[in-house]
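**Student:** Sharing a structure below in structure tokens format, with a few things to ask.
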Amino acid sequence: MTVTTDVLIVGAGPTGLTLACDLARRGADALVVERADALFPGSRGKGIQPRTQEVFDDLGVIEAAEAAGGPYPVGMVWQGGERQGEHRMFEEREPTRDAPYDRPLMLPQWRTQEILHARLRELGGAEIEFGAALTGLAQDEEGVTARLADGRTVRAAYAVAADGGRSTVRAALGIGMAGETVDPNPILVADVRIPALDRDNWHMFPPAADGGGFLAICPLSGTPDFQLTAQFTDGTAPDTSLEGVRKVVAARTHLAADAVTEVRWASDFRPRAAMADRFREGRVFLAGDAAHVHSPAGGQGLNTSVQDAYNLGWKLGAVLRGGAPEALLDTYEAERLPNAAQMLGLSTRIHRGEERRGEATRQLGLGYRDSSLSVETRTGLPGGALRAGDRAPDGPCGAGRLFDAFRGPHCTLLAVGTDAELPPLDEELVHVHRVEAYAPYGKGLFLVRPDGYVGWAGEDARGLTDYVRLIRQDNSSAKTVDLNQA
């Protein structure tokens with residue numbers, strides 16, 4: 001039996017689910033295959049950074065994420081069974097009009113996946129086929145052919161490897177993955193129940209003088225669980241059983257062994273940093289952990305993975321359903337590989353104590369200024385000016401805000417503080433809004449891509465039509481909405 005689809009997505013983690021949601025709202029068919037029998041059950045990636053919250057806003061899941069999650073608790077350092085004082089894990093900031101999501105949102109990975117899966121169903125997108133392991137992959141000029149363990153064949157125009165750090169797809173393509181061990185000491189991570197421990201703080205237990213490594217117990221917002229993290233520096237291997245977890249808790253904290261009443265999920269790993277040699281091979285793309293593996297420090301792995309899917313989704317949709325040239329897909333690796341490398345270095349420095357969690361971990365400053373899709377036609381801009389390739393800030397837009405205008409699979413043309421004449425544009429592709437001058441933008445025309453980055457900027461519309469042709473053929477008129485008069 002052969003199944004046909006536009007895009008085969010291998011892996012139903014946050015990367016694959018984000019991509020499936022984005023493709024669904026663009027009318028592209030996708031099939032998600034997952035070798036496991038259910039969604040991943042653990043908390044692993046629990047921090048949703050502000051930039052990813054903006055992505056979730058666009059995808060229509062931010063309200064569900066905020067309802068299920070919550071803020072990070074203040075750290076509390078313990079020694080000898082006594083509280084020693086607070087420890088703040090990251091620099092805090094206040095929300096602003098241009099950046100309304102100001103701090104990380106704690107949301108266990110399993111809950112993030114449930115929310116994205118529910119959104120995929122709402123969009124009428126692909127269902128996930130669980131227990132569907134990939135056993136073979138081949139491609140030709142017209143598409144990709146994959147074999148599944150149950151004997152079925154899948155034929156797709158494109159395939160995306162979102163199947164994790166041990167990616168079967170990456171191995172089948174022969175793409176190398178170079179990296180380093182960030183910490184030679186194994187780490188135990190587990191979701192546990194400890195009813196006797198208060199949930200007001202992220203409890204931190206520094207290593208004892210005789211060694212053994214740190215231990216931290218963090219209450220997981222919206223659940224009765226804690227995430228336990230323990231480092232082993234004494235040469236022992238982590239024991240993920242209930243008795244093993246109880247033993248390490250009793251040895252390193254003031255809690256009795258039986259204070260741990262349940263282990264919901266547990267794993268052990270050695271933190272490493274690695275990145276694939278390339279993110280594309282013909283019609284197959286690598287995204288998420290299949291392309292880059294991070295230390296969990298700083299909460300960058302899941303977030304960088306979601307950004308991969310968000311970047312690739314609109315481009316695949318434009319090629320499959322919007323008539324965009326296939327060359328648009330070349331920009332995926334060109335844009336995402338440097339960003340992934342940057343975040344990989346940040347995660348490693350934070351793990352080693354060389355840098356603190358701060359502005360960079362929020363990912364709001366990431367952009368694509370060097371991309372071929374970033375066309376800046378203005379000259380003489382001051383140093384802090386918004387440029388093509390930068391994240392498009394939020395702000396007032398009539399009775400709503402700019403993020404309301406951006407939300408959806410379209411591009412947005414902002415005429416900010418200018419009455420410049422505009423050319424005819426495809427109204428399904430480009431939504432046009434005139435707004436008053438606004439400091440984060442200044443004045444001018446800004447074409448905002450579907451993923452919330454400024455693709456083109458100019459004082460007038462010269463060159464705008466040529467830019468739009470890069471992402472889709474355009475031959476009809478757009479309606480211009482003056483939201484200041486709405």
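**Student:** Round to the nearest 0.05 the FRET efficiency obtained for Leu381 and Asp419 when R0 = 25 Å and r is the Cβ-Cβ distance.
**Tutor:** According to the calculation, E is roughly 0.75.
**Student:** Sticking with this structure for a sec: By how many nm would the segment from Glu114 to Ala399 grow when fully extended, if each residue of separation counts as 0.36 nm and the alpha-carbon distance is taken off?
**Tutor:** Result: 99.4 nm gained on full extension.
**Student:** Moving on to the next point. Assuming 0.36 nm per residue, please report the length gained on full extension of the stretch Glu326 to Ala67 beyond their Cα-Cα distance.
**Tutor:** Computed gain between Glu326 and Ala67 is 89.3 nm.
**Student:** To check you understand DSSP bridge types, tell me what percent of the beta bridges within the chain (both residues inside) are antiparallel, rounded to 5.
**Tutor:** 65 percent
**Student:** On C-alpha positions alone, give me the angle between the axis of helix 109-122 and the longest principal axis of the chain, in degrees, nearest 10.
**Tutor:** For helix 109-122, the angle is close to 40 degrees.
**Student:** Provide the per residue accessible area, probe 1.4 Å, for region 50-148, rounded to a whole number of square angstrom.
**Tutor:** 47 Å²
**Student:** Another question, if that's okay. Using mean Cβ contacts within 10 Å as the protection proxy, how do 22-32, 79-89 order, highest first?
**Tutor:** Output ranking for 22-32, 79-89: 22-32, 79-89.
**Student:** For Arg166 paired with Asp370, estimate the spin-label separation in nm (one decimal), with each label point 7 Å from Cα along the Cα-to-Cβ line.
**Tutor:** 3.4 nm
**Student:** Further question on the same structure: Figure the gain on full extension for Glu180 and Asp234 (residue separation times 0.36 nm, minus the Cα-Cα span) and round it to one decimal in nm.
**Tutor:** Contour length minus the Cα-Cα distance gives 17.3 nm.
**Student:** Mind listing P(r) for the chain? All alpha-carbon pairs, 20 Å bins, whole percents.
**Tutor:** 23, 53, 22, 2
**Student:** Measure nothing fancy, just the Cα-based angle from helix 301-321's long axis to the longest principal axis of the chain, in degrees from 0 to 90, nearest 10.
**Tutor:** Approximately 30 degrees, to the nearest 10.
**Student:** Relative to the longest principal axis of the chain, what angle (0 to 90°, nearest 10) does the C-alpha long axis of helix 14-24 take?
**Tutor:** 30 degrees
**Student:** Could you check what % of the DSSP bridge pairs in region 1-107 are antiparallel, to the nearest 5?
**Tutor:** For region 1-107, the DSSP antiparallel bridge percentage is about 65.
**Student:** Pairs of lysines 8 or more apart, or on different chains, with alpha carbons under 29 Å: count those in the chain, would you?
**Tutor:** 5
**Student:** Just in region 368-401: which trypsin sites (Lys or Arg not before Pro) are loop by DSSP and have at most 11 other Cβ atoms within 10 Å?
**Tutor:** Here no loop site has a sparse enough neighbourhood.
**Student:** Ok, one more. Give me, ordered by chain and number, the residues 5 or more places off Ile9 or on other chains with an amide H under 5 Å from its own placed amide H.
**Tutor:** Leu31, Val32, Val33, Val160
The values are calculated or read from the model by the stated rules, or taken from the named source; none is laboratory data. Given the structure is predicted, the values throughout are model-derived calculations rather than measurements. For neighbour counting, all protein chains shown are included, and Cβ atoms are generated from backbone atoms with ideal geometry for every residue, glycine included. Side chains are part of the model used for accessible areas, which takes the heavy atoms of the whole protein and leaves out ligands, DNA and RNA. Shrake-Rupley method; radii C 1.70, N 1.55, O 1.52, S 1.80 Å.
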